[in-house]
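To keep things clear, I will list the structure first and then write my remarks on it.
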């Protein structure tokens with residue numbers, strides 16, 4: 001199915017199952033990647049994406065199409081990820097663990113398991129504002145304008161936060177950089 | 001050797017993301033050719049993006065996608081069912097309203113027939129059956145008076 005966004009939304013609102021599947025196919029992998037970068041555990045990330053899509057399909061009629069579908073879904077996902085953090089915080093009585101270290105990964109020959117843990121740990125140490133702008137840029141490929149729309153901040157703020165977030169990550173991940 | 005600072009290094013991030021306008025990007029490219037600080041920053045940012053990309057897989061596992069497809073299907077079915085239920089409730093309300101309207105208009109028609117019968121009887125018989133106590137009887141009186149004038153039977 002090769003549909004423009006407007007037609008895709010129109011069909012999905014009408015209950016067209018094929019259109020709904022198309023939305024999942026187009027945006028699901030990107031959402032999963034974004035969730036994985038925000039939430040430590042893979043299972044939690046999958047839950048966040050499932051809750052995001054569930055909320056999105058329930059509220060399709062209220063989506064005013066002033067933003068792209070990707071931007072709209074990203075905004076929903078950020079809220080769901082924040083809820084996941086709060087739920088995890090309550091479960092662990094204050095010991096919020098975003099490093100993914102509760103899930104020990106077998107070291108791979110290319111060190112990919114280590115890099116994943118170190119990157120998620122470094123991302124977790126950023127402030128929420130810095131982490132959100134960076135992952136929306138790096139993992140969702142959103143433009144600064146779209147990120148500003150998702151977060152409800154000026155574009156200049158997005159540019160400034162991304163710059164500062166990268167400076168922090170450079171310091172924490174210097175072992176992986178030239 | 002320690003690199004000096006450059007006041008344009010803050011813009012390298014935006015350049016890396018393709019967020020500079022055409023003219024500003026052209027000027028940045030010219031600057032990068034001459035500034036080792038900014039050129040080094042750009043190399044580092046490109047490497048950083050590569051590290052971030054490698055750390056989080058792009059592909060979604062098939063079982064995860066299957067779960068997401070099932071979620072979409074389940075939610076849309078529930079939304080469509082709720083919509084159908086609301087439409088049926090609205091249709092039922094319309095049918096009840098129509099039924100009430102038909103019933104009340106039937107009673108009105110019956111009363112109208114009784115009223116018509118009174119003045120019709122007066123018009124036919126030239127006689128008002130009872131003293132005019134309401135509009136119906138008054139009308140009958142007038143009709144009788146008019147018809148009597150026309151026939152000269154006052």
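Data overview
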read-out	value
Looking only at segment A:46-56, and only at residues there that are surrounded by 23 or more Cβ atoms within 10 Å (Cβ to Cβ) and more than 9 Å from chain B (Cβ to nearest Cβ), the one that is nearest to residue B:53 (Cα to Cα)	A:48
Hits in segment A:20-43 (condition: within 9 Å of chain B (Cβ to nearest Cβ) and out of contact with any helix residue (DSSP H, G or I) (no Cβ under 8 Å at 6 or more places or on another chain))	A:33
Residue that is farthest from the other protein chains (Cβ to nearest Cβ) [pool: residues in segment A:1-19 that are under 15 Å from residue B:70 (Cα atoms) and not in a helix (DSSP H, G or I)]	A:16
Criterion: surrounded by fewer than 13 Cβ atoms within 10 Å (Cβ to Cβ), in a loop (DSSP other than H, G, I, E, B) and either away from chain A (no Cβ under 12 Å) or without any contact (Cβ under 8 Å) to a residue 24 or more places away in the chain (or both) - qualifying residue of B:19, B:34, B:29	B:34
Which listed residue is surrounded by 15 or more Cβ atoms within 10 Å (Cβ to Cβ), more than 8 Å from chain A (Cβ to nearest Cβ) and modelled with pLDDT of 90 or more, from B:52, B:48, B:42, B:68	B:42
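The values are calculated or read from the model by the stated rules, or taken from the named source; none is laboratory data. What you see is a predicted model, and the numbers here were worked out from it, not measured in a lab. As a convention, Cβ positions derive from the backbone with ideal geometry for all residues, glycine included, and neighbour counts pool all protein chains shown.
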